[in-house]
Each structure stands twice: as structure tokens, then as C-alpha cells.
Amino acid sequence: MNIENYTSYAALSKAVAEAMIAAIKNKKDALICVATGNTPIGAYQQFVLDVQATGLDISKVRFVGLDEWLNLAPENIGTCYQFLHNYLFNPLQIPQHQYKLFNGLAKDMKAECSAMNEYLDLEGPIDLLLLGIGMNGHLGFNEPGTPWHYRSHAINLSETTQVVGQQYFNAPMELKKGITLGPADLVRSKKILLMANGIHKQTIVKRLLEEEPGIDLPASLLKNLNHVHLMTDLTV
Ligand code: GLP
């Protein structure tokens, strides 16, 4: 894991946006996996501005969503569906055939996971994976304890994730379950940017840097990989 320090959130966001643009310039139909949450907002805003300013051709780019809350209608403000539409797909008018997202309302979760795995088998591997880190070290919804050979799966969310997740919604929500790409597909990505921003992430980033890799700290999966960049505005 390479550590890249940035002096501000704006600088970090700019660097992530540049990496997205570089991936597309390198491969017109790059497959980019996009996380949600507060961390990547600046990067997505910068990416949108840069694409609009330069006219970069993104008509072949493919986006895949990292995860989703289960049992919430997509129009809920805090869903990954809504987030990605607000920050990326709507501003850039990206049509549906260019993105693949989990359906958090799917009746058959096994089938939903198989469909995502088939998509990745056909369209993958991911060229650029953008990740945040959860307060408990989760990646997407790969919570502590998730075996690293797992592919897409539905999961019971930890207490921490259920509480922290309330911030994305404008009313209290039941956030008991999620669906996520699994560790096995994440590590197969050609380039991985793990973003950590803000002082509230200091403790988990410190753990990541100090602890031996193990499933209790999902982000530690990335520690021994050369194609991972920890991008942070924290002093680490
Ligand atoms: C959320 C999402 C993750 C995200 C993480 C960090 O629960 N499932 O994909 O990366 O937690 O979120 P934030 O960037 O808001 O701290």
C-alpha cells in the first residue's frame, strides 16, 4: 500500500478526479467502481467539473456501484442509487446502460449477487476502484469478519454502520442489511484508491497502519498490495 498525503480535502479530491480522468484517457471504456459516502463527494464534483470543462469523452466509460442498503426504495436520499445519480450520473447525463448498481429492493438476493458476479466476470476486472473506509474499517459493506474470498453478498450490518449511516438520510431509517461487492473482486481491481478524510477517521487509519492484516479490519486486506494507494489528508 502506497501512502499519499494531501494538505487538504480539496487537494485529495482533485487527485482522485485526476486519477479517474487518467483511467479514462488510458482506456475509453474503463470500468470504474464508485463508492458512496461523504468522502468521495469532492472527487466526484471535481470530476464532473473537469469533464464538463474539457469535453472528455465518457460515452464508453462503465461505472459499477460498490454497495447498497437493503430494503430501501432507491428514491430515498441516502441510498447509493440516489447518491450516484446526484453526484455523477445526472450531472454528466450518464445513461443507464453505462452503469450497473445493486438493486436494494431485489426479492432474491442470491440472484442479485449472481447477476453482479456475472457482470464482473464479463466486464471486469475493475480498472479503477474508489473506496472510502468505514469507521469500523469496512470497505463497501464488507464488515469486520467478512472472509476475504467472498464475492458479492448480502450482509447484516454492524451496529456502528447502522448508527453512522443515519447521517446520509433526512429521517431515521432502519439500516439493518446491505449488499456489497466482496473482497475477492475488490483486490482484483487494477488500481485501488482508498480515501480517508477528516479527523474522525484518524483512529481507524492508525489501526490500519499499525495492525497486522486480518478479517477483523476489512481495510487491512489492502495493506500488502502494491496497486493500492491510501490517499489521505490526515497526518499519518
Ligand atoms: C459507508 C459505505 C462505504 C463508505 C463508508 C465511508 O457505509 N457503505 O462504501 O465508503 O461507509 O463513508 P464516509 O465516506 O461517509 O465516511
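General remarks:
- Test: residue in the stretch 42-49 that is within 17 Å of the chain's Cα centre (by Cα), farther than 17 Å from residue 179 by Cα, open to solvent by 20 Å² or more (accessible area, probe 1.4 Å) and touching a residue at least 24 places away in the same chain (Cβ under 8 Å): yes
- Pairs with Cβ under 7 Å, 6+ apart, first in the stretch 1-18 and more than 11 Å from residue 44 (Cα to Cα), second assigned to a helix (DSSP H, G or I) and open to solvent by less than 80 Å² (accessible area, probe 1.4 Å): 1/222; 6/12; 6/15; 9/42; 10/42
- A count restricted to the stretch 155-185 and to residues that are hydrophobic (A, V, I, L, M, F, W, C), away from the ligand (no atom under 11 Å from the Cβ) and open to solvent by less than 30 Å² (accessible area, probe 1.4 Å) stands at 2.
- Among the residues of the stretch 86-101, the ones that are open to solvent by less than 20 Å² (accessible area, probe 1.4 Å) and out of contact with any helix residue (DSSP H, G or I) (no Cβ under 7 Å at 6 or more places or on another chain) come to 2 in all.
- Selection of the stretch 102-132 for residues being more than 18 Å from residue 69 (Cβ to Cβ) and either of a type in the set (S, T, N, Q) or open to solvent by less than 30 Å² (accessible area, probe 1.4 Å) (or both) yields 114, 117, 120, 124, 126, 127, 128, 129, 130.
- Scanning the stretch 26-64 for residues that are within 16 Å of the ligand (Cβ to nearest atom), within 20 Å of residue 188 (Cβ to Cβ) and in contact with a Gly (Cβ under 8 Å, 6 or more places away or on another chain) gives 33, 34, 35.
- Residues located in the stretch 65-75, provided they are within 14 Å of the ligand (Cβ to nearest atom) and either touching a helix residue (DSSP H, G or I) at 6+ places or on another chain (Cβ under 8 Å) or more than 21 Å from residue 182 (Cα to Cα) (or both): 65, 66, 67, 68, 69, 70
- Close pairs (7 angstrom Cβ cut-off, 6 or more residues apart or separate chains): aliphatic (A, V, I, L, M) in the stretch 150-164, open to solvent by 40 Å² or more (accessible area, probe 1.4 Å) and within 11 Å of the ligand (Cβ to nearest atom) anywhere: 164/135
- Strands (runs of 3 or more DSSP E) (entirely within the stretch 92-196) containing at least 2 residues that are under 15 Å from residue 31 (Cβ atoms) and either at pLDDT below 95 or within 13 Å of the chain's Cα centre (by Cα) (or both): 128-132, 191-196
- Flag if residue 204 is surrounded by 16 or more Cβ atoms within 10 Å (Cβ to Cβ) and within 13 Å of the ligand (Cβ to nearest atom): yes
- Residues of the stretch 1-37 that turn out to be acidic (Asp, Glu) and not in a loop (DSSP other than H, G, I, E, B), as a count: 2
The values are calculated or read from the model by the stated rules, or taken from the named source; none is laboratory data. Here the structure is a predicted model, which means the values were calculated and not measured. When we count neighbours, we look across all protein chains shown, and the Cβ atoms used for this are built from the backbone with ideal geometry, even at glycine. Side chains are part of the model used for accessible areas, which takes the heavy atoms of the whole protein and leaves out ligands, DNA and RNA. Shrake-Rupley method; radii C 1.70, N 1.55, O 1.52, S 1.80 Å.
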